[in-house]
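Peer 1: After the structure tokens below, expect a handful of questions from me.
The values are calculated or read from the model by the stated rules, or taken from the named source; none is laboratory data. Remember, it's a predicted structure, so these values are computed and weren't measured experimentally. No Cβ is skipped: glycine too gets one built from the backbone with ideal geometry, and neighbour counts run over all protein chains shown. Accessible surface areas use protein heavy atoms only, side chains included; no ligands, DNA or RNA. Shrake-Rupley method; radii C 1.70, N 1.55, O 1.52, S 1.80 Å.
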Amino acid sequence: MKWLAVAVVIVASSVPAAAQDPWRTSYFPYLIGNPTDGVMLVARWQRTQNAPYFLEQTDEKDVINPITFRGAVSVEAGAGTLGSRYLRAEARLPGVVAGWRFHGQLGAERQGRFAYYGLGADLDAADPVAPNTNVNRIHRERWLARAEATRTIRGPLRFALGLFLDRTTLSKLPDSTLFALRFDQVRRTSLMVRPALVLDTRDREFTPSRGVLAEIGAGFGSGREQSLGVADNDGGFFGFTYGQVKGYFSPRAGTVLAGRALFRRMAERAPLTARFSLPGWEREFLLSGADGHRGLPAGAVAATNVEMLAAEIRHDLLNAGDLGAVTLVAFGDYARIEDRLSVRAGSTDFFAAGGGVAFRVLRSAVLTTNFAAGKHGFNFSMGTHWSF
């Protein structure tokens, strides 16, 4: 009878798995465009397993699950008209193991017209008349690997540990004058470790209409960069701290008011290649462009000390529920940046305002377009996430 008992245990343990949605495969191409990449054709393969739609369903209330997928694995490749191209593989597993979330990514990318406006307050010296000419542009190439594990502490409070490894090369264009004033090429391999505390009360992660996502982190990176001319450049570690809060409120059905506040501090010896972005929870993003300050092209903000504020109104022009939506967006973005290695002393403030349209497909894909104007002229950007 022992073998029968074992068989019963095996069958019983397999029942919940069988009740779950199966893994499904999808293939789809799409177009995206911006001054960094030109017009880019992207092909995407994705395999996903849906999470339960409800966490709780009773006669009194229905509680919708904030996550869309238990797990999602994707491979994506793109090529643009300005020499940009990339290949990326990613795994997001927010619901496979109870109490844990996992995220991993491998990729190679080349950005043909990455912005370089100098460090910190050097931004004020960049060409305000023609911000998208090669005067303020460089090549950026990256090989990257990222891994992050998140553990629920209690309720919406979590602890996340991220590891980020990348090899980045920055190269001048024939007429990229700002970058050429200091160096011809910058190449660096770096490893960063970033622990963070995360508080997440959003009703839905993909399309939040209420709640808060707050995170605070501190970490360190390795390596050095001779080209920056840092006096204390012995190959030791550099530290950084950051924090950001995103809030969402819906005053009426179909309208969401959203806001973000963030800061980032890095040691003076931090390399140029690390100053463009913030390694946030489950998502690294550039401090300018579609995911950062939308009044500046991707790469324009490179500094150790950064503060940003953003406010946004999202209103559904057409809402088909879980099938998709067309959303009008109006926003204002503010940034204060400073870097002790900049040629121009002090800090600079930058405000831009604009609007755009977001196209959502099902509960798994969103394409945003942003039109912004500020003291550095007009900037257009597109993204595959909400800006925040």
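Peer 1: Considering only residues that are of a type in the set (Val, Ile, Thr) and either surrounded by fewer than 17 Cβ atoms within 10 Å (Cβ to Cβ) or not in a strand (DSSP E or B) (or both), which ones fall in segment 141-158?
Peer 2: Here is the first cut: in segment 141-158, the ones of a type in the set (Val, Ile, Thr) are 150, 152-153.
Answer for segment 141-158, where residues must be of a type in the set (Val, Ile, Thr) and either surrounded by fewer than 17 Cβ atoms within 10 Å (Cβ to Cβ) or not in a strand (DSSP E or B) (or both): THR152, ILE153.
Peer 1: Being in a strand (DSSP E or B) and polar (S, T, N, Q) is the filter; apply it to segment 174-203 and report the residue that is least open to solvent (accessible area, probe 1.4 Å). Walk me through it before giving the result.
Peer 2: At the first step, the residues of segment 174-203 found to be in a strand (DSSP E or B) are 185-200.
From what is left, the residues that are polar (S, T, N, Q) are 185, 189-190.
Values: GLN185: 89, THR189: 74, SER190: 9 Å².
Once the filter is applied, the top-ranked residue is SER190.
Peer 1: Now for a different question. Given the condition modelled with pLDDT under 95 and over 30 Å from LEU197 (Cβ atoms), answer yes or no: does some residue in segment 281-294 qualify?
Peer 2: Checked against the condition, which is being modelled with pLDDT under 95 and over 30 Å from LEU197 (Cβ atoms), segment 281-294 yields no hits at all.
Peer 1: Output the qualifying pairs, or none if there are none: Cβ atoms under 6 angstrom, residues six or more apart or on different chains, first residue in segment 144-165 and within 15 Å of ALA98 (Cβ to Cβ), second residue surrounded by 14 or more Cβ atoms within 10 Å (Cβ to Cβ) and small (Gly, Ala, Ser).
Peer 2: What qualifies is THR150/ALA160.
Peer 1: Right, here's the next one. What strands (runs of 3 or more DSSP E) lie completely within segment 57-140 and have 1 or more residues being open to solvent by 50 Å² or more (accessible area, probe 1.4 Å) and closer than 30 Å to PHE351 by Cβ? Even if it seems obvious, please write down each step before you answer.
Peer 2: Working: elements: 62-64, 69-80, 85-93, 100-115.
Passing ranges, in order: 100-115.
Peer 1: Between a first residue in segment 253-266 that is closer than 29 Å to LEU119 by Cα and surrounded by fewer than 17 Cβ atoms within 10 Å (Cβ to Cβ) and a second residue that is among the charged types (D, E, K, R) and modelled with pLDDT of 95 or more, which pairs have beta carbons less than 6 Å apart while being 6 or more apart in sequence or on different chains?
Peer 2: Filtered contacts from segment 253-266: PHE263/GLU307.
Peer 1: Sticking with this one: Would you confirm, using the coordinates I've provided, whether PHE371 is without any contact (Cβ under 8 Å) to a residue 24 or more places away in the chain and among the hydrophobic types (A, V, I, L, M, F, W, C)? Before you say what the answer is, go through the steps one by one.
Peer 2: Numbers: without any contact (Cβ under 8 Å) to a residue 24 or more places away in the chain: yes; among the hydrophobic types (A, V, I, L, M, F, W, C): yes.
The answer is yes for PHE371.
Peer 1: List the pairs whose first member sits in segment 377-388 and is open to solvent by less than 30 Å² (accessible area, probe 1.4 Å), whose second member is in a strand (DSSP E or B), and whose Cβ atoms are under 6 Å apart, counting only residues at least 6 apart or on separate chains?
Peer 2: ASN379/ALA372; SER381/ASN34; SER381/ASN370; GLY383/THR368; PHE388/LYS246; PHE388/ARG260
Peer 1: Within segment 319-338, is there a residue that is polar (S, T, N, Q), open to solvent by 20 Å² or more (accessible area, probe 1.4 Å) and modelled with pLDDT under 95?
Peer 2: Yes, the conditions are met somewhere in segment 319-338.
Peer 1: Also: If I go through segment 45-67 residue by residue, how many of them are out of contact with any Pro (no Cβ under 9 Å at 6 or more places or on another chain), within 23 Å of VAL212 (Cα to Cα) and in contact (Cβ under 8 Å) with a residue 40 or more places away in the chain?
Peer 2: 1
Peer 1: Looking at segment 31-54, which of its residues are of a type in the set (Ser, Thr, Tyr) and crowded, with 16+ Cβ neighbours inside 10 Å?
Peer 2: THR36, THR48
Peer 1: Continuing with this model, one more query. Given the condition of a type outside the set (Gly, Ala, Ser), at pLDDT 90 or above and either in a loop (DSSP other than H, G, I, E, B) or surrounded by fewer than 16 Cβ atoms within 10 Å (Cβ to Cβ) (or both), answer yes or no: does some residue in segment 224-240 qualify? Walk me through it before giving the result.
Peer 2: Within segment 224-240, the first condition is being of a type outside the set (Gly, Ala, Ser), and the residues that meet it are 224-226, 228, 230, 232-234, 237-238, 240.
Those left that are additionally at pLDDT 90 or above: 238, 240.
Checking the rest, the ones that are also either in a loop (DSSP other than H, G, I, E, B) or surrounded by fewer than 16 Cβ atoms within 10 Å (Cβ to Cβ) (or both) come to none.
Looking through segment 224-240, none of the residues is of a type outside the set (Gly, Ala, Ser), at pLDDT 90 or above and either in a loop (DSSP other than H, G, I, E, B) or surrounded by fewer than 16 Cβ atoms within 10 Å (Cβ to Cβ) (or both).
Peer 1: Which of the residues spanning segment 45-56 are part of a strand (DSSP E or B) and of a type outside the set (A, V, I, L, M)?
Peer 2: Pass one, segment 45-56, residues part of a strand (DSSP E or B): 45-50, 54-56.
Within segment 45-56, TRP45, GLN46, ARG47, THR48, GLN49, ASN50, PHE54, GLU56 qualify.
Peer 1: Right, PHE206: surrounded by 15 or more Cβ atoms within 10 Å (Cβ to Cβ) and either modelled with pLDDT of 90 or more or of a type outside the set (Phe, Trp, Tyr) (or both) or not? Can you show your working first?
Peer 2: On the way: surrounded by 15 or more Cβ atoms within 10 Å (Cβ to Cβ): yes; either modelled with pLDDT of 90 or more or of a type outside the set (Phe, Trp, Tyr) (or both): yes.
Judged against the criteria, PHE206 is a match.
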